[in-house]
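K.L.:
What follows is a single structure, and I will ask about it in a moment.
The values are calculated or read from the model by the stated rules, or taken from the named source; none is laboratory data. On a predicted model such as this, the values are computed, not experimentally measured, just so you know. Here Cβ is always computed from backbone atoms with ideal geometry, including for glycine, and neighbour counts include all displayed protein chains. SASA here: full protein model, heavy atoms, side chains in, ligands and nucleic acids out. Shrake-Rupley method; radii C 1.70, N 1.55, O 1.52, S 1.80 Å.
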Amino acid sequence: QVQLVESGGGLVQPGGSLRLSCAASGSIFSINAMGWYRQAPGKQRELVAAITSGGSTNYADSVKGRFTISRDNAKNTVYLQMNSLKPEDTAVYYCNADGASFAGLDTADFGSWGQGTQVTVSS
């Protein structure tokens with residue numbers, strides 16, 4: 001079983017910055033993609049940014065040029081640096097990871113979600 005724990009959310013004024021972190025732990029054999037999603041009240045969960053084990057990244061159009069995703073493979077941790085925050089960035093941010101975990105003498109695919117961290121952008 002693989003657990004994801006997020007940190008770094010909070011209240012920030014428009015134009016401000018926050019850095020989210022998400023650490024994976026458990027019986028990890030390998031992690032492929034890691035990503036950040038967000039869900040605002042009354043809206044569907046949407047992809048914000050994702051990064052592969054090789055470092056390739058993908059961003060939602062709404063955050064390009066403002067957010068940067070990165071990861072530390074040695075620490076099984078993914079980060080989201082959020083700059084120039086806007087009120088419309090307000091949401092619960094969720095970390096996601098997929099890969100393979102140890103299952104006895106074998107491995108099994110996993111896909112895990114974090115519990116979410118609130119980001120509020122308001123003056």
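K.L.:
Specify the residue that is surrounded by the most Cβ atoms within 10 Å (Cβ to Cβ); the eligible residues are those in segment 71-82 that are free of Cβ contacts under 8 Å to residues at least 60 places away in the same chain and not hydroxyl-bearing (Ser, Thr, Tyr).
P.N.:
Here the residue is 78.
K.L.:
Do you know which residues across segment 1-28 are touching a Gly at 6+ places or on another chain (Cβ under 8 Å), assigned to a strand (DSSP E or B) and touching a residue at least 60 places away in the same chain (Cβ under 8 Å)?
P.N.:
Residues satisfying the conditions are 2, 3, 4, 5, 6, 18, 19, 20, 22, 28.
K.L.:
Would you say residue 31 is within 24 Å of residue 3 (Cβ to Cβ), touching a Lys or Arg at 6+ places or on another chain (Cβ under 9 Å), open to solvent by less than 60 Å² (accessible area, probe 1.4 Å) and in contact (Cβ under 8 Å) with a residue 60 or more places away in the chain?
P.N.:
Spelling it out, residue 31 is indeed within 24 Å of residue 3 (Cβ to Cβ), touching a Lys or Arg at 6+ places or on another chain (Cβ under 9 Å), open to solvent by less than 60 Å² (accessible area, probe 1.4 Å) and in contact (Cβ under 8 Å) with a residue 60 or more places away in the chain.
Listed here are the residues, each with its yes/no results for (1) at pLDDT below 95; (2) in contact with a strand residue (DSSP E or B) (Cβ under 8 Å, 6 or more places away or on another chain); (3) surrounded by fewer than 17 Cβ atoms within 10 Å (Cβ to Cβ).
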residue: 8; (1), (2), (3): no, yes, yes
residue: 22; (1), (2), (3): no, yes, no
residue: 27; (1), (2), (3): yes, yes, yes
residue: 48; (1), (2), (3): no, yes, no
residue: 59; (1), (2), (3): no, yes, no
residue: 84; (1), (2), (3): no, no, yes
residue: 99; (1), (2), (3): yes, yes, no
residue: 108; (1), (2), (3): yes, yes, yes
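K.L.:
Within segment 91-108, which residues are part of a strand (DSSP E or B), closer than 16 Å to residue 26 by Cα and either free of Cβ contacts under 8 Å to residues at least 24 places away in the same chain or of a type in the set (A, V, I, L, M, F, W, C) (or both)?
P.N.:
Residues satisfying the conditions are 95, 97, 100, 102, 103, 106, 108.
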